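Peer 1: Have a look at this one before I ask anything.
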Amino acid sequence: MVIGYSRLLQNISTGNTPNYFQQVNNLEVLHDGVHDWVGGDMSYVRMAPYDPLFYMHHTFIDYIWEQFRTRQSSSR
């Protein structure tokens, strides 16, 4: 699984790493990996929006971000 739910939960609940890109569950790194894994137009920054999967992928990233925001606001 490229982006597994358990890895995403770790990403939402952790993040104390000296270097942002050293975080194994860093959402940006996981996001980029999907672009590479899908291949085709998704692999190229300028061409990615022409691939219909681009929008499904980014909708899922938005969903993860909203879960993060909800967890942050409920923990205060």
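The values are calculated or read from the model by the stated rules, or taken from the named source; none is laboratory data. Only a predicted model underlies this, so the values are computations on that prediction, with no experimental measurement involved. Here the Cβ is made from the backbone with ideal geometry for all residues, glycine too, and neighbour counts use every protein chain on show.
Peer 1: For residue 59, all conditions in the list (1) modelled with pLDDT of 80 or more; (2) over 24 Å from residue 74 (Cα atoms) hold save one; what is the number of the exception?
Peer 2: The failed condition is (2).
Peer 1: What number of residues in the stretch 8-44 are at pLDDT below 65, loosely packed, with under 12 Cβ neighbours inside 10 Å and either part of a helix (DSSP H, G or I) or touching a Gly at 6+ places or on another chain (Cβ under 9 Å) (or both)?
Peer 2: Here the count works out to 4.
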